[in-house]
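Asks: I'd like to ask you about the structure that follows.
The values are calculated or read from the model by the stated rules, or taken from the named source; none is laboratory data. Not measured: the values here are computed from a predicted model. Every residue, glycine as well, gets a Cβ built from its backbone with ideal geometry; the counts of neighbours run over all protein chains shown. We work out accessible area using only protein heavy atoms, side chains counted, and drop any ligands, DNA or RNA first. Shrake-Rupley method; radii C 1.70, N 1.55, O 1.52, S 1.80 Å.
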Amino acid sequence: MTMRFDVKASLEAVRQRNLDCEGVPMILALRGAQPAPENDRRRVEGQRLARLIAVVHSQLVETESVKSTGAAQGIEDMDEVRAISHEQALVIEAVSVVAELVVGRLTNDDYPRLDEFEESPDVRAADGSLLNDFLGALEEGRWITVVNYHNTPASTSDDLARSLAVYARHYSSAGMSDLATLFATGRWNGVRDPILPVFYEGHRNNFEQAGPASDAAGLVAWFFLITGFVSADPAEQVAFARAHHIGLADEEIGRDRIAMSWDEAAQLSRHHVVTSHTASHFPAHHLTSPRDVAIEVLAPTEQVKRATGRPSCAHAWLYGSAMGLDEDRDRMLYDAGYRWCFSNLAIDDVAYWAMSSQT
């Protein structure tokens, strides 16, 4: 039996999480990582996740959901459409639905029970390699759970703290060394699977709400800072945000500053991972000149290093572009010293792709 449910409603739930400043669960492939050992429990769980994603993807293909529900993924302007292909949007939607069922249901009992999928056949799409590559990574145990946040205003602090506490009961925390070991060996020695709470953009309320809530839950959080936002004069930060696709909560307007300071970033780095998210919320496909590279790739990691004592370990583009699409761009991230690139569907080993482009 293949379970069917209201895919549009599930996608709307994901969108509503964003609107409500809640974390959006996602399952990311670890591209360039070593496979988990044979019969490892992460392979077993990855195979189950792959089956669920394949089933949901097949339903999306049948209903051509991207055409009717693309707005649920925030694909509303032509620039984002150029960054995210139709094929990629389908896979993102399928993974989003399954991640919401697996992770989101921990804080919401209204979702369908996962065991209703257990008799589903191994349905695999034949309309391109992106889905198959993603499912293959899961089946080899090369995957990790993340929860993506942006704004965390004070009005959401109780819900944020409650959700992080729930995740901490079901998952193990993962910092830089943990992620490096997972990539290098394919092994995760924790009793529970790893999770990464990821906070994008550098809002001051990330420092005020997300940092303390993560500390209380005993989780290592990952903070991706738009360095131009953090460096902007406080009087100009609202204008900067509105000009660079940075969402604001109404309650932030009128505060003395809405981006965290570099001193606050340094404080977060004592217990969490602080890294960069370009200087101006920059999309990969806009990178056309050495000046762009200097401003958006090289300068951010140096700013993070000056503040925290460590350069950026990870990079992320606006719209979540992945590696493996442009050899020059891949090599550029490697030369800048980044270890990983976070995207819509993967955490990429930068060295893996940079070295692949040389063969």
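Asks: I'd like the full set of residues that are surrounded by 21 or more Cβ atoms within 10 Å (Cβ to Cβ) and not aliphatic (A, V, I, L, M), limited to segment 205-227.
Replies: N205, N206, F207, Q209, G211, S214, W222, F223, F224, T227, listed by residue number.
Asks: Could you count how many residues in segment 144-163 are within 20 Å of V97 (Cα to Cα) and open to solvent by less than 20 Å² (accessible area, probe 1.4 Å)?
Replies: The number of residues fulfilling the criteria is 5.
Asks: Do we have A249 as in contact with a Cys (Cβ under 8 Å, 6 or more places away or on another chain), closer than 30 Å to I27 by Cβ and surrounded by fewer than 19 Cβ atoms within 10 Å (Cβ to Cβ) here? It would help to see each step written out before you state the result.
Replies: On the way: in contact with a Cys (Cβ under 8 Å, 6 or more places away or on another chain): yes; closer than 30 Å to I27 by Cβ: yes; surrounded by fewer than 19 Cβ atoms within 10 Å (Cβ to Cβ): yes.
Considered against the rule, which asks whether it is in contact with a Cys (Cβ under 8 Å, 6 or more places away or on another chain), closer than 30 Å to I27 by Cβ and surrounded by fewer than 19 Cβ atoms within 10 Å (Cβ to Cβ), A249 comes out as yes.
Asks: Suppose we keep only residues that are in contact with a strand residue (DSSP E or B) (Cβ under 6 Å, 6 or more places away or on another chain) and modelled with pLDDT under 95 within segment 189-203. Which one would you say is most open to solvent (accessible area, probe 1.4 Å)? Please lay out each step first, then the result.
Replies: Initially, segment 189-203 is screened for residues in contact with a strand residue (DSSP E or B) (Cβ under 6 Å, 6 or more places away or on another chain), giving 190, 192, 194-200, 202.
Keeping just the survivors that are modelled with pLDDT under 95 gives 190, 192.
Details: G190: 24, R192: 95 Å².
Applying the filter and picking the extreme gives R192.
Asks: OK, next. Would you pick out the residues in segment 311-330 that are surrounded by fewer than 20 Cβ atoms within 10 Å (Cβ to Cβ) and at pLDDT 95 or above?
Replies: Across segment 311-330, the qualifying residue is only P311.
Asks: Quick check, is E296 in a helix (DSSP H, G or I), at pLDDT 95 or above and buried (at least 16 other Cβ atoms within 10 Å of the Cβ)? Step through it out loud before you land on a result.
Replies: Details: in a helix (DSSP H, G or I): yes; at pLDDT 95 or above: yes; buried (at least 16 other Cβ atoms within 10 Å of the Cβ): yes.
Yes; evaluated as a whole, the condition is true for this residue.
Asks: Out of segment 228-238, which residues are of a type outside the set (A, V, I, L, M), open to solvent by 10 Å² or more (accessible area, probe 1.4 Å) and assigned to a helix (DSSP H, G or I)?
Replies: G228, S231, P234, E236
Asks: List the number of the failed condition for T288; all other conditions in (1) over 17 Å from the mean Cα position of the chain (by Cα); (2) of a type outside the set (D, E, K, R); (3) in a helix (DSSP H, G or I) hold.
Replies: Just one mismatch for T288, condition (3).
Asks: Do you know which of the residues in segment 77-115 that are at pLDDT below 80 and in contact with a Gly (Cβ under 8 Å, 6 or more places away or on another chain) is farthest from N132 (Cα to Cα)?
Replies: Top of the filtered list is Y111.
Asks: Specify the residue that is nearest to F229 (Cα to Cα); the eligible residues are those in segment 280-293 that are of a type outside the set (S, T, N, Q) and buried (at least 18 other Cβ atoms within 10 Å of the Cβ).
Replies: H281
Asks: Sticking with this structure for a sec: Consider segment 336-359. How many of its residues are part of a helix (DSSP H, G or I) and either surrounded by fewer than 22 Cβ atoms within 10 Å (Cβ to Cβ) or at pLDDT 95 or above (or both)?
Replies: Within segment 336-359, the first condition is being part of a helix (DSSP H, G or I), and the residues that meet it are 350-356.
Next, only the ones that are either surrounded by fewer than 22 Cβ atoms within 10 Å (Cβ to Cβ) or at pLDDT 95 or above (or both) stay: 350-352, 354-356.
Going through segment 336-359 one residue at a time, the tally reaches 6.
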